[in-house]
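K.L.:
Can you keep this structure in mind? I'll have questions shortly.
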Amino acid sequence: MAIIGRRADLDLRDVYAAHGPEIYRFALRQLGDGQAAEEAVQEVFLRAWRSAGRFDPDLASLRVWLFAIARNVVIDEARARARHDRRLDAVAAEHSESVSDFADAVLDQRLVQQALLRISDDHRVALVETYLRGRSYRDVAAEVGVSQVTLRSRVFFGLKALRLAMEEMGVRP
């Protein structure tokens, strides 16, 4: 096992036995999650092992040095969790909006279809061809065999009839 700093009498097992439970309790209080606290303790001792050569007992005790590492690990973990939570929130918001928008569109489409079945054939054809299919009044009037003025009148009164049909169905504007 690695020797901590210049002290040949301490190996990592002894250091873990002496300070591990205390560091775990610190991490648990800060993070509020047992599994995250365990991972934090592992990271503390991994960092201590990697930087054992930099430990100087003249500057601070082993306990103080380990807790300084633990503090940094906890801060890193809290920041990573915050980033992760923000990403999840953004994905959830985007997903719920798209699902909600899709559901609203399907419901709106179904309501319009039901209301179109309640108006006259002339009005329905005028509205479907001009509004829903986006065709020009000139083309639709020629196809149906009426003047453009008549077609515009059918669209106007068709919209009124459609609005009334939807109100009868309980749809509020």
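The values are calculated or read from the model by the stated rules, or taken from the named source; none is laboratory data. Everything numeric in this text was worked out from a predicted model, so none of it was measured. All Cβ positions, even for glycine, are placed from backbone atoms using ideal geometry, and neighbour counts span all protein chains on display. Accessible surface is based on the protein model in full, side chains and every heavy atom, while ligands, DNA and RNA are left aside. Shrake-Rupley method; radii C 1.70, N 1.55, O 1.52, S 1.80 Å.
K.L.:
If you roll a 1.4 Å probe over the chain with all protein chains in place, what percent of the accessible area is carbon or sulfur?
P.N.:
With neighbouring chains kept in place, the figure for the chain is 53 percent.
K.L.:
When the helices in the chain are scored as -39500 (n - 2.57) per DSSP H run of 4 or longer and the sum is shared across all residues, what 222 nm value do you end up with, to the nearest 500 deg cm²/dmol?
P.N.:
-25500 deg cm²/dmol
K.L.:
Would you mind working out the accessible area per residue for the chain, using a 1.4 Å probe, and quoting it in Å²?
P.N.:
About 68 Å² of surface per residue is accessible.
K.L.:
Still on this structure, I have one more. Cβ under 15 Å from His84's Cβ, His84 left aside: what net charge do those residues give with Lys, Arg +1 and Asp, Glu -1?
P.N.:
Neighbourhood net charge equals -1.
K.L.:
Just how large is the dipole of segment 52-173 about the Cα centre, in debye to the nearest 20, putting +1 at every Lys and Arg Cβ and -1 at every Asp and Glu Cβ?
P.N.:
It comes to approximately 180 debye.
K.L.:
Once Lys and Arg get +1 and Asp and Glu get -1 on their Cβ, which of Ala52, Ala27, Val128 lies farthest toward the positive end of the dipole of the chain?
P.N.:
Val128
K.L.:
Something else about it: Local charge sum around Ala27 (other residues, Cβ-Cβ under 11 Å, Lys/Arg +1, Asp/Glu -1)?
P.N.:
Result for the local shell: -3.
K.L.:
Something else now. Comparing Ala68, Ala115, Ala142, which has the greatest mean-square fluctuation in the GNM of the chain with Cα pairs linked when under 10 Å apart?
P.N.:
Ala142
K.L.:
Is the chain best put as rounded, prolate or oblate by its Cα gyration tensor, with a ≥ b ≥ c the root eigenvalues, rounded for a/c under 1.5, and otherwise prolate when a/b is larger than b/c, oblate when not?
P.N.:
Prolate, because a/c is 1.5 or more and a/b exceeds b/c.
K.L.:
Would you please put 164-170, 88-94 in order of how densely packed they are, using the mean number of other Cβ atoms within 10 angstrom per residue and starting with the highest?
P.N.:
Packing order, densest peptide first, comes out as 164-170, 88-94.
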